[in-house]
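Asks: My questions all concern the structure below.
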């Protein structure tokens, strides 16, 4: 739960994380919270120093570019592989994940509560995962899932700059329709464009 709270901006970059307060929030004891903070530090989501304690890791342009450039290389590749192995069951899973994501768009992003946005973001990640789950490579699945989760912290910053949910939804629809047509060129191009537009939008609002 703490990991999601950081990924979905319930805790702001740079915010101090106190184990006792977190334990109260998540109805647990401080010991598992400290263990979780250590794991999150290993993932780069939390920083720690003796003077400042544990804090949410800051966001940087360099890290954002790194994450999105690698995603833009791996996700189109994984999507091509998924389409090469396409089955009716995989396509049904993709359609279901897309519909669940669309159903979570209860209002424009800027008007969503923290809980509503968290629900949308979980389903957004699930849609991307469903697209790539048929690629036949556990390494591609692991790397793309990890990078998609890491990009959640950056993506929240881009939503207003992207023109709200309408533009983002249209891009997802384009990816879906290319998959339904079993067109790997169109699908990978749509995925690449989706990544590039998001990266460019984040670059406009994230300080250097």
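Values quoted throughout were computed directly from the atomic coordinates according to the rules given, and no laboratory measurement underlies them. Computed from a predicted structure; not experimentally measured. FYI the Cβ positions are ideal-geometry reconstructions off the backbone, even for glycines, and counts take in every protein chain you see.
Asks: Roughly what would the spin-label model give for residue 25 and residue 58, points 7 Å off Cα along C-beta, in nm?
Replies: In this crude label model, residue 25 to residue 58 measures out at 2.1 nm.
Asks: Based on the Cβ-Cβ distance from residue 41 to residue 103, what FRET efficiency comes out when R0 is 35 Å, to the nearest 0.05?
Replies: E between residue 41 and residue 103, to the nearest 0.05, is 0.50.
Asks: In addition: Once you have the Cα-Cα distance between residue 169 and residue 48, take 0.36 nm times their residue separation minus that, and quote the gain in nm to one decimal.
Replies: Full-extension gain reported as 39.8 nm.
Asks: Using the 2.2 N^0.38 Å rule of thumb for compact globular proteins, work out how the chain stacks up: its C-alpha Rg over that value, please.
Replies: 1.06
Asks: Please report the base-10 log of the normalised intensity I(q)/I(0) for the stretch 2-56, using a Debye sum with one equal scatterer per alpha carbon and no solvent, at each q in 0.14, 0.26, 0.28 (1/Å).
Replies: Rounded to two decimals, the profile gives -0.30, -1.12, -1.29.
Asks: Could I ask something else about it? Using Cα pairs closer than 8 Å and at least 6 residues apart in sequence, work out the relative contact order for the chain, in percent.
Replies: The normalised contact order for the chain reaches 27 percent.
Asks: On a 0 to 90 degree scale, rounded to 10, what angle separates helix 114-132 from the longest Cα axis of the chain?
Replies: With both axes taken from Cα atoms, the answer is about 40 degrees.
Asks: Label-point separation (nm) for residue 18 and residue 89, each offset 7 Å from Cα along Cα-to-Cβ?
Replies: Inter-label distance under the simple model: 5.1 nm.
Asks: Calculate for the chain the 222 nm mean residue ellipticity that helices alone would give, adding -39,500 (n - 2.57) per DSSP H run of length 4 or more and normalising by residue count, nearest 500 deg cm²/dmol.
Replies: Result for the chain, helices only: -23000 deg cm²/dmol.
Asks: With a Förster radius of 30 Å, plug the Cβ-Cβ distance of residue 204 and residue 73 into 1/(1 + (r/R0)^6) and report the FRET value to the nearest 0.05.
Replies: 0.85
Asks: Still on this structure, please answer the following. Using 7 Å Cα-to-Cβ label points, what is the residue 142/residue 185 separation (nm, one decimal)?
Replies: 3.5
Asks: Relative to the first principal axis of the alpha-carbon coordinates of the chain, what is the inclination of helix 138-158, with its axis defined by its Cα atoms, in degrees from 0 to 90 and to the nearest 10?
Replies: So the helix axis and the longest Cα principal axis differ by about 70 degrees.
Asks: So what are the three principal axis dimensions of the stretch 58-139 from its Cα atoms, in whole Å, longest to shortest?
Replies: Sorted largest first, the three principal extents are 39, 34, 17 Å.
Asks: Still on this model: Against the longest alpha carbon principal axis of the chain, how many degrees, from 0 to 90 and to the nearest 10, is the axis of helix 184-205 turned?
Replies: 30
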